[in-house]
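Q: Take a look at this one; I'll ask things after.
The values are calculated or read from the model by the stated rules, or taken from the named source; none is laboratory data. Treat the numbers as computed from the prediction; the structure is a model and nothing was measured. Please note: Cβ atoms are built from the backbone with ideal geometry, for glycine as well, and neighbour counts cover all protein chains shown.
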Amino acid sequence: MLSITSTDSGRFCDGMSRRGFLKVGGLALGGASMPQILAAEAASKREGEGLGHKAVIMVFLAGGPPHQDMWDIKVDAPSNIRGEFKPIKTNVPGIEIGELFPKIASMADKFAFVRSMVGAHGGHDAQQCLTGRSPRNAPPGGWPSIGAVLSSLEGPASDAVPPFVGLSPKCGHDQWGDPGQTGFCGPSHAAFTPNRGGGAADVELKGISIERLGDRRALLGSIDTFRRDVDSSGMMEGLDAFGQQAYGVLTSSKLAEAFDLSKEDPKLVERYGKGTEKLTADGPWKRLDQFLMARRLVEAGARCVTIGFSRWDWHGNNFGRARTDFPMLDQGVATLVQDLHDRGLDKDVSVVVWGEFGRTPVINPQGGRDHWPKVSCALLAGGGMNTGQVVGATTRDGGEAAERPVDFQEVFATLYHNVGIDVNKATVTDLTGRPRYLVDQQFAPMRELV
């Protein structure tokens, strides 16, 4: 076992001390040391067996998409509930979805359509879609998002690429552009958010040689020793981790190349489409190229990438807006999932598409649907899951779960399972020193999918 001497007794958010962290051979999983794990990941990647690591791409539909106009068309309901869209057949016998999703319908065998999501707390935020948990009664520091948890438990798959990347822009309603908070995992596990600051160009060196950057790094490492020793908040340790990550990013072109779509086949870039960078009112933009960027980022080493796509709070003109946004979502998601399959990444990368709640069964006088936390929907793909099926069902009006209600935490248990984390055993330590399970213990990975 390789040990590196350290006198610092501070602790990381998972409860491990810095001294323990530096005992490289002591970091084990299933009897394998950390060097062995990293070597296995690298070997897997060299042999062409997928990424060499597991990843999650999460697409957040800010505002709450209308489930009964997407994957759960109610053909037998009255017109003031059924709406304007008809169902179309998919390539899986017996499964029909909304007519404005022809691309997804043609490859429904690669998707799982969850029609019975329950337990939404009802707020206009991404909290449950990013953490699986309601913000109510959260522990000190708050619940960490899945990206922060993967960063904490798994660490970086590449020194040059952050494990957690958030592609959502800064929105007028800030919660709709939330890439995922670190919660009690601490600042060292925050998302890299190129679209909320100066952009991807910030990952490139500008007139500073690697040697000069190394000199500056050495200087910074020689100061503030006292403050690091006495700091009890964890912030200085977070800054140390940021410094390590920044140095790796700046001295490699890997991350910058992941953002450079000119390196892709132009025909594939065209299939994804570009969309628009214009923000949708106080919500996210409709950029289709971010789906391609997400795939490139997980290939480069990211373990979690979050995306915000459009604004779905349609209290008026529900069907007019759907005619614009549904085909764009269809194109982006279908191309991403097909691309993952074409590249042999469908077992390594899990994709989830959802919003914070559903919409009312009855169409309001403005032609819209209002907030409806009682039931919503989710679309899942990849991750080695058993796809080509519908999970759950709603009542005749689409107002409540009639069969197999699915909690947000069940989806998270499934995603963690897909990346190789046992939710019955894995914990992260909160700010009080208490180990916390990733999901409440009554929840398990979805039996239909794993």
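Q: Given the options S134, S79, S152, name the one that is hydroxyl-bearing (S, T, Y), buried (at least 18 other Cβ atoms within 10 Å of the Cβ) and more than 27 Å from R343 (Cα to Cα).
A: Residue meeting the stated conditions: S152.
Q: Test P361 against the stated conditions and say whether it is more than 18 Å from F164 (Cα to Cα), in contact with a helix residue (DSSP H, G or I) (Cβ under 8 Å, 6 or more places away or on another chain) and at pLDDT 95 or above.
A: Here the answer is yes, as P361 does meet what is asked.
Q: Still on this structure: Can E299 be described as farther than 21 Å from G147 by Cβ and either not hydroxyl-bearing (S, T, Y) or not assigned by TED's automatic domain parsing to the domain that holds L415 (or both)?
A: no
Q: Go through (1) touching a residue at least 40 places away in the same chain (Cβ under 8 Å); (2) among the small types (G, A, S); (3) not assigned by TED's automatic domain parsing to the domain that holds E84 for G368 and report which single condition fails.
A: Only one criterion in (1) touching a residue at least 40 places away in the same chain (Cβ under 8 Å); (2) among the small types (G, A, S); (3) not assigned by TED's automatic domain parsing to the domain that holds E84 is unmet by G368, namely (3).
Q: Here is a follow-up. Would you pick out the residues in region 150-175 that are under 11 Å from the mean Cα position of the chain (by Cα) and hydrophobic (A, V, I, L, M, F, W, C)?
A: Listed by number, the residues that qualify are L150, F164, V165, L167.
Q: So Q442 clears everything in (1) without any contact (Cβ under 8 Å) to a residue 12 or more places away in the chain; (2) out of contact with any helix residue (DSSP H, G or I) (no Cβ under 9 Å at 6 or more places or on another chain); (3) outside the structural domain of R295 (by TED's automatic domain parsing) except one condition, right? Which one?
A: It fails just one condition, (2).
Q: Still on this structure: Being part of a helix (DSSP H, G or I) and surrounded by fewer than 19 Cβ atoms within 10 Å (Cβ to Cβ), is that true of even one residue in region 342-361? Steps first, answer last, please.
A: First, the residues of region 342-361 that are part of a helix (DSSP H, G or I): 342.
Those left that are additionally surrounded by fewer than 19 Cβ atoms within 10 Å (Cβ to Cβ): 342.
Within region 342-361, one or more residues are part of a helix (DSSP H, G or I) and surrounded by fewer than 19 Cβ atoms within 10 Å (Cβ to Cβ).
Q: Could we say that T335 is assigned by TED's automatic domain parsing to the domain that holds V349, outside any loop (DSSP other than H, G, I, E, B), among the hydroxyl-bearing types (S, T, Y) and in contact (Cβ under 8 Å) with a residue 40 or more places away in the chain here?
A: Considered against the rule, which asks whether it is assigned by TED's automatic domain parsing to the domain that holds V349, outside any loop (DSSP other than H, G, I, E, B), among the hydroxyl-bearing types (S, T, Y) and in contact (Cβ under 8 Å) with a residue 40 or more places away in the chain, T335 comes out as yes.
Q: Confirm whether E448 is surrounded by fewer than 21 Cβ atoms within 10 Å (Cβ to Cβ), within 19 Å of I97 (Cα to Cα), in contact (Cβ under 8 Å) with a residue 60 or more places away in the chain and not hydroxyl-bearing (S, T, Y).
A: Numbers: surrounded by fewer than 21 Cβ atoms within 10 Å (Cβ to Cβ): yes; within 19 Å of I97 (Cα to Cα): no; in contact (Cβ under 8 Å) with a residue 60 or more places away in the chain: yes; not hydroxyl-bearing (S, T, Y): yes.
Judged against the criteria, E448 is not a match.
Q: Would you mind finding the one in S145, S158, S134 that is within 30 Å of G392 (Cα to Cα) and modelled with pLDDT under 95?
A: Only one candidate passes the filter, namely S134.
Q: As an exercise: evaluate G433 against (1) out of contact with any strand residue (DSSP E or B) (no Cβ under 8 Å at 6 or more places or on another chain); (2) closer than 23 Å to K347 by Cα and give the number of the one condition it does not meet.
A: Result: G433 fails condition (2) only.
Q: Which residues, taken from region 422-442, are assigned to a loop (DSSP other than H, G, I, E, B) and surrounded by fewer than 20 Cβ atoms within 10 Å (Cβ to Cβ)?
A: D422, N424, K425, A426, L431, T432, G433, R434, D440, Q441, Q442
Q: I would also like to ask the following. Considering (1) within 24 Å of F60 (Cβ to Cβ); (2) of a type in the set (G, A, S); (3) loosely packed, with under 14 Cβ neighbours inside 10 Å, say which one G399 fails and leave the rest.
A: If we test G399 against (1) within 24 Å of F60 (Cβ to Cβ); (2) of a type in the set (G, A, S); (3) loosely packed, with under 14 Cβ neighbours inside 10 Å, just (3) comes out false.
Q: If you scan region 417-432, which residues turn out to be under 20 Å from E154 (Cα atoms) and either acidic (D, E) or more than 18 Å from the chain's Cα centre (by Cα) (or both)? Working first, answer last.
A: Quick first cut of region 417-432, residues under 20 Å from E154 (Cα atoms) only: 417-431.
Residues satisfying the conditions are D422, N424, K425, A426, T427, V428, T429, D430, L431.
Q: Would you mention how many residues in region 91-117 are β-branched (V, I, T) and surrounded by fewer than 20 Cβ atoms within 10 Å (Cβ to Cβ)? Spell out how you get there, then give the answer.
A: First, the residues of region 91-117 that are β-branched (V, I, T): 92, 95, 97, 104, 114.
With the extra rule that they be surrounded by fewer than 20 Cβ atoms within 10 Å (Cβ to Cβ), the set shrinks to 92, 95.
Here the count works out to 2.
Q: Condition check: acidic (D, E) and in contact with a Lys or Arg (Cβ under 6 Å, 6 or more places away or on another chain). Does D430 satisfy that? Break it down into steps so the answer makes sense when it comes.
A: Details: acidic (D, E): yes; in contact with a Lys or Arg (Cβ under 6 Å, 6 or more places away or on another chain): yes.
Judged against the criteria, D430 is a match.
Q: Which of (1) assigned to a helix (DSSP H, G or I); (2) surrounded by 22 or more Cβ atoms within 10 Å (Cβ to Cβ); (3) among the aliphatic types (A, V, I, L, M) does M328 not meet, given it meets every other one?
A: (2)
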